[in-house]
Amino acid sequence: MVNRTVTKGRTGWSQLPISLRLGAFLITLNILMVLASALYPVDPNAITPNRLAPVFTEGHLLGTDILGRDTLSRVLAGAQNALYVGLIAVGIGLSAGLLLGVLAGYFGGWLDQVLSVLLETLYALPALLIALLFAAVFSPGVTTSMVAIGLAAIPAFARVARASVLSVKTLPYIEAARALGLGSGQIMLRHLLPNIMGPLVVQASLVFAVAILAEAALSYLGLGTQPPDPSWGRMLREAQTYQELTPYPVIFPGLAIGLAVLGFNLLGDGLRDYLDPRKRS
Amino acid sequence: MFAYTLRRLGFALVTLWLATVLVFGALLLIPGNPAQAILGIDATPADLEALEARLGLDKPPIERYFNWLGGVLRGDLGESIRYETSISQLILARLAITLPIVAASLLLAALIAVPLGILAARKAGSWVDLGVSVAALAGIVLPSFWVGLMFIYIFVIWLKLPLPTSFPIGGWENPERALAALVLPVLTVGLASAAFLLRLVRGSVLEVLSQDYVRTARAKGLSERTVVYKHALRNASLPVITVLGLEFAQLLIATVVVETVFGIPGLGSLSLIAISARDFPLVKGVVLVVAAFIILVNLLVDLLYAWLDPRVSYA
């Protein structure tokens, strides 16, 4: 993986793994949904007298909910919320996990052991459990859930970073850098980091998918995004109460979650295949 | 093996202790006075003082931690503020509902995932494989609570099957109704777990089938059935056992969402009540019990793995 740049350059879009292409397509779709949400003329929170309109109603392509709010504009606005939460959660998990993993892997010894035990403990606590604990301590809300999901993702990033550092740090070019008199900080920043980013990007894509699912679950439980802000999980919670009247307000937010999660899952899987030298030849 | 067991046990104990510190420490972070947070802003000073004394807030945090830890070690998690009863009893009563759901879901998941996973691996690259893999992917990316809502719509609202969508008030006193109420939740949780498991079974069988000893077994004329079931499956089952164990622990808390969909008063809904009522001792109790379950299952899975796989040396 270290001399990846040598073989790069001749791979076109059509030679990339199918999952990578499909994942990239779905994520682009999600970003387009965010853009569409900004351009779409109907306010996602506007209450109208046209309640429980079915799909393909004029002016309400995906129908309306019990308050007469437009389902399409709420699903589009939900995309923005999902990407925002995913981005922050991955940002927290990646930055803290990277730092801890690189330190543990590079220095080894007692620091590695202490960090490993701490991270294993955190790993034993599922994201949802941490989020519940956070919701109890601080008030439930989108910030609380993002921080909790990000915190829960730290061990996964730290593991990948540590393992990658361990496999790279004994390579001759690191020894050469050390022999040249470079300090630990410089070696880690300039020589280790660029060479361990591949697996971390894969992990980031997979965690992004988990974060979207977790935020939806928390909002469904009433612990994530608070009303009236549109969030896919929140929409499902509200639509459940009048599910026997119309299924559409339940169907579309769920499909939106599924497509977004699928996009990041496929991107992660595809990137892993692409970066794996055994599968590339 | 003995040394490894001891070391692994010690590690589990340290993790468990750290979990108690983490849970206790997290609740120290509550902004302001916890008694005020529980009672609200219009509480009288006398009520506040009484609750502070009950929560032990007049003592320093270290002393409170060790009092709590001492209770935990004796199996006493304290008293719930909302229910005014023993937290251990509350949790046990809820586990009597959540544990059967988790166990039945995992059984269902294994019954679906193992045969289908083997089939997909044996016919790798075929339409059968593609179909199974796409179904598994759908099970992974679709949120379980949405699938649960869809099941309610399809089976209860549309097909009008006589399935209750809430758990009977008396719990297991009415076993038939209770079991009927658990059909859809188990189906929902089971299918979601089956999806994860299926990908794993397919992957590990596929990997094992490409090994030299499988080629040898084929070369000496054994039937494909013997090769797959006698030789390949035994080795492919190791990662599957690991993941089944890990899923069990994860599901204890993951079912909270599905419990909400189907109105089931399990451990998950207890934690939600604890949070909304700001019943901090109960929150601590539930989180600690779930964390302890996870740490225990992780320990058992690791030991089982070392015992089952003679190639792995942990000396």
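Data for the structure
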{"quantity": "Subset of segment A:91-140 (residues that are on the phi > 0 side of the Ramachandran plot and within 11 Å of another protein chain (Cβ to nearest Cβ))", "calculated": "none"}
{"quantity": "Qualifying residue in segment B:168-176 (condition: assigned to a loop (DSSP other than H, G, I, E, B) and among the hydrophobic types (A, V, I, L, M, F, W, C))", "calculated": "yes"}
{"quantity": "Qualifying position, being assigned to a loop (DSSP other than H, G, I, E, B) and out of contact with any His (no Cβ under 7 Å at 6 or more places or on another chain), among B:Tyr65, B:Tyr83", "calculated": "B:Tyr83"}
{"quantity": "All positions within segment B:125-140 that are surrounded by fewer than 21 Cβ atoms within 10 Å (Cβ to Cβ), within 14 Å of chain A (Cβ to nearest Cβ) and in a helix (DSSP H, G or I)", "calculated": "B:Leu130, B:Ser133, B:Val134, B:Ala135, B:Leu137, B:Ala138, B:Ile140"}
{"quantity": "Spans of helices (runs of 4 or more DSSP H) in segment A:126-190 with at least 2 residues not hydrophobic (A, V, I, L, M, F, W, C)", "calculated": "A:142-168, A:172-179"}
{"quantity": "Scope segment A:69-111; condition surrounded by fewer than 18 Cβ atoms within 10 Å (Cβ to Cβ) and more than 20 Å from A:Gly224 (Cβ to Cβ); matching residues", "calculated": "A:Ser95, A:Ala96, A:Leu99, A:Phe107, A:Gly108, A:Gly109, A:Trp110, A:Leu111"}
{"quantity": "Residue identified as buried (at least 21 other Cβ atoms within 10 Å of the Cβ) and part of a helix (DSSP H, G or I) among B:Leu206, B:Leu184, B:Leu179", "calculated": "B:Leu184"}
{"quantity": "Failed item in (1) modelled with pLDDT under 90; (2) surrounded by 14 or more Cβ atoms within 10 Å (Cβ to Cβ); (3) more than 24 Å from A:Ser139 (Cα to Cα), with B:Met1 passing the rest", "calculated": "(2)"}
{"quantity": "Condition check for A:Leu262: closer than 30 Å to A:Leu20 by Cβ, more than 14 Å from chain B (Cβ to nearest Cβ) and of a type in the set (A, V, I, L, M)", "calculated": "no"}
{"quantity": "Given (1) crowded, with 22+ Cβ neighbours inside 10 Å; (2) free of Cβ contacts under 8 Å to residues at least 60 places away in the same chain; (3) aliphatic (A, V, I, L, M), number of the condition A:Ala204 does not satisfy", "calculated": "(2)"}
{"quantity": "In segment A:230-255, the residues that are of a type in the set (Ser, Thr, Tyr) and within 15 Å of A:Tyr220 (Cβ to Cβ)", "calculated": "A:Ser231, A:Thr241"}
{"quantity": "Wholly within segment B:209-315, helices (runs of 4 or more DSSP H) carrying at least 1 residues that are within 13 Å of chain A (Cβ to nearest Cβ) and touching a Lys or Arg at 6+ places or on another chain (Cβ under 9 Å)", "calculated": "B:233-261, B:267-276, B:280-308"}
{"quantity": "Hits in segment B:24-38 - residues which are in a loop (DSSP other than H, G, I, E, B) and within 10 Å of chain A (Cβ to nearest Cβ)", "calculated": "B:Leu29, B:Ile30, B:Pro31"}
{"quantity": "Among the candidates B:Ala292, B:Ala236, residue that is buried (at least 17 other Cβ atoms within 10 Å of the Cβ) and at pLDDT 80 or above", "calculated": "B:Ala292"}
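One line per residue, one yes/no per condition, for (1) more than 30 Å from B:Leu55 (Cα to Cα); (2) at pLDDT 90 or above; (3) among the hydrophobic types (A, V, I, L, M, F, W, C); (4) crowded, with 17+ Cβ neighbours inside 10 Å:
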| site | (1), (2), (3), (4) |
| --- | --- |
| B:Ile101 | yes, yes, yes, yes |
| B:Leu107 | yes, yes, yes, no |
| B:Lys123 | yes, no, no, no |
| B:Leu142 | yes, yes, yes, yes |
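The values are calculated or read from the model by the stated rules, or taken from the named source; none is laboratory data. Remember, it's a predicted structure, so these values are computed and weren't measured experimentally. Glycine also receives a Cβ, built like all others from the backbone with ideal geometry; neighbour counts cover every protein chain displayed.
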